[in-house]
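Report on one structure; see the data block that follows.
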Amino acid sequence: MMDEHTPDGGPEDEAVVHDGPALPGLEASDTGGEGYQVLARKYRPQTFDDLIGQEPMVKTLTNAFASGRIAHAYMLTGVRGVGKTTTARLIARALNYETDSVDAPSIDLEPLGRHCEAIAKSSHVDVMEMDAASRTGVGDIREILDGVRYSPVSARYKVYIIDEVHMLSTSAFNALLKTLEEPPAHVKFIFATTEIRKVPVTVLSRCQRFDLKRIDREVLTDHLAGICDKEHANVERDGLTAIARAAEGSVRDALSLLDQAIVQAEGDGPVTAEQVRDMLGLADRTRVLDLLEATLDARAKDALDELRHQYDSGADPQVVMRDLLDHLHNLSRIKAVGPEADLGEAADTVARLVALAEPRSLGQLSRLWKLALTGLDDVRSAPDPVAAAEMAVIRLMAASNMPPPEDAARLLAAAKSGGGADAPTPAPSGAPGATTATLAPAPAPEPEAPEGPKDIGELIAMIDEARDIGLKLDVERYVRPVSFRPGAVTYEPAQDAPNTLGGRIASFLNEATGQRWLVDAQGRGGGETLAEARKREREENLAAIMRDPSMIKALTVFPGAELVGVEDPSATTNVNVADDSDDADTPRQETS
């Protein structure tokens, strides 16, 4: 991240705001005695009361100073432009506040103290500011630490302000730790960072942390309006709202954009919202709402034409997608909270949003928001952003025609329970449309005489009872039965059958029955293996189900849906049809 810097190399203040004039003596020095002073510098806060949106931090500091419980190190974190560096200087002024009648740290910085002006101008000898983005090494920190042991020259405390502290190297942090843990009584540290996660925990644990919040859009819009009054500038409220939205909670960014917007005025007329949007490269929010309406109504030509017109007018596809996301978010809030949801939008816009939200369920709106979020990611990464935006709109149109997710859940539940007119009705096993697949033949009862198995099903049952899993799997996969007679089994081996399979079957039967068995693996014209039979029956059942009117209706209601499994509602347990006995390339399907 790159920050602006002052001519002397120090970090540019992160502008928050104040309601009064700059400190006496700052106007000429900040502007070189002539020229225009940008709003971000002119309206920099000069007291804690001037800070907007940071009331929790101000309250905590006020109570701490009032009780004398002043920390030796502070960590200020937040996004760019919310006032971290400015707040650091205010704390430095508060620590060293001194007037003819006050000689103690104070949050109340009026009237100006003896050190206030110099600290605000970053020229006080006892308040050192360091930009860690350009001075990251251990040598820079040691230079600070060498001066820590000396008392302040004129102020009450020596204050070290380190901006973008997360940029310090590991060795620099290590060098700082000991002094930070047990600093001299006359030293205070104030750190500022936009990347709090990059600051070592060992450093964070030694600081009092304040998270400076993004400024609420409505609060920031009100503040911009107040500055316009002071500057005698006429900017439409909707234009100021657009600036506040584009600034994303950063006061400094908002003031910089306001500087740019004010000069858009033509003659004595106001700066219109349309002029501001053109300046920002934003699509008109009302036109984005037109786009959303056409999309949700599945008016494909209107939606795509509107998107293309906005793009041709200079709108950024990313901004269009973000505005769509905002509107969908507002629709979800309306559905969840009701029409009284606080959206921060114009009354006519709220009325249109309420009308769009009314016929749709919360599940539908949540699904649409997720699709729009995916579309925004696609627009960001696509080689042709507007084409990606069009595809996102098309996906939203397709989703808008789908039934609510909760209806889908009810339909599936009805199908699973076997109830309802729309649910597939289980048919008898083997009948067309049956929802069962024939599994392995039922285990045969214990043989009454030591004659052995009479068919492949009884053989599998015997092997399963003996828990010989390897033999069971091989028999299921490779044995195509020809005949079963007392003391003799003939089968045709399937492709890739192990050469030892016949001998293993014979050994098993000899041991299991106590009789000698002859197993002939040279038979011809054998039937299906058990795995082949299962696969065929499964495919036949699935084909029958796909022809079932109930299934045809379900797939019509849910475009793009696929049948992935079949369950028999009369069964109590699920059995994996495509278990390990199936061919390796056989797709798995759970049924019962």
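Applying the criteria of a DSSP loop state and at most 14 other Cβ atoms within 10 Å to the trypsin sites (Lys or Arg not before Pro) of the stretch 42-76 yields Arg69. Overall, the stretch 456-530 carries a charge dipole of about 200 debye about its Cα centre when +1 sits on the Cβ of Lys and Arg and -1 on the Cβ of Asp and Glu, all other atoms neutral. Rounded to the nearest whole Hz, the Karplus-based 3J(HN,Hα) values (6.51 cos²θ - 1.76 cosθ + 1.60, θ = phi - 60°) of the stretch 251-261 follow the sequence 5, 4, 4, 5, 5, 5, 5, 5, 3, 6, 6, with x at glycine and proline. Over the Cα atoms of the stretch 151-249, each weighted equally, I'd like the Debye log10 I(q)/I(0) at q = 0.13, 0.14 Å⁻¹, rounded to two decimals. Each listed q maps to, in turn, -0.68, -0.72.
Given the alpha-carbon gyration tensor of the stretch 478-572, what are the semi-axes of its equivalent ellipsoid in whole angstrom, ordered largest first, with each equal to the square root of 5 times an eigenvalue?
42, 15, 11
Exposure proxy for Val82, Val203: other Cβ atoms within 10 Å of each Cβ, ordered fewest to most, give Val203, Val82. Taken about its Cα centre, the stretch 26-211 carries a charge dipole of roughly 560 debye when the Cβ of each Lys and Arg holds +1 and the Cβ of each Asp and Glu holds -1.
The trypsin sites (Lys or Arg not before Pro) of the stretch 297-386 meeting both criteria, a DSSP state outside H, G, I, E and B (loop) and at most 15 other C-beta atoms within 10 angstrom of the site's C-beta, are Arg299. Which shape class applies to the stretch 230-311: rounded if a/c is under 1.5, otherwise prolate when a/b exceeds b/c and oblate if not, where a ≥ b ≥ c are the square roots of the Cα gyration tensor eigenvalues? Because a/c hits 1.5 or more and a/b exceeds b/c, the stretch 230-311 counts as prolate.
Which of Val138, Leu109, Ile119 sits closest to the plus end of the dipole of the stretch 92-147, meaning its Cα is farthest towards the positive end, when Lys and Arg get +1 and Asp and Glu get -1 on the C-beta? Farthest towards the positive pole: Val138.
Computing FRET efficiency as 1/(1 + (r/R0)^6) for Asp520 and Ala544, where r is the C-beta to C-beta distance and R0 is 30 Å, gives about 0.20. Kirkwood analysis of the stretch 334-403, using all unique Cα-Cα pairs, places the hydrodynamic radius at 13.5 Å. Across the stretch 26-211, the volume of the C-alpha convex hull divided among the residues equals 125 Å³ per residue. Remark: for residue pairs Lys335/Lys553; Lys158/Lys213; Lys335/Lys370; Lys59/Lys213; Lys178/Lys213, the C-alpha separation exceeds 22 Å in Lys335/Lys553; Lys158/Lys213; Lys178/Lys213. The calculated FRET efficiency for Ala300 paired with Glu231, based on their beta-carbon distance and R0 = 45 Å, is about 0.45.
Using only alpha carbons, the stretch 285-400 has a radius of gyration to Kirkwood radius ratio (Rg to Rh) of 0.95.
Laboratory data are not the source of any read-out in this text; all were calculated from the coordinates shown. Quick caveat, the model's predicted, so the values are computed rather than measured. Cβ atoms come from the backbone with ideal geometry, glycine included; neighbour counts cover every protein chain shown.
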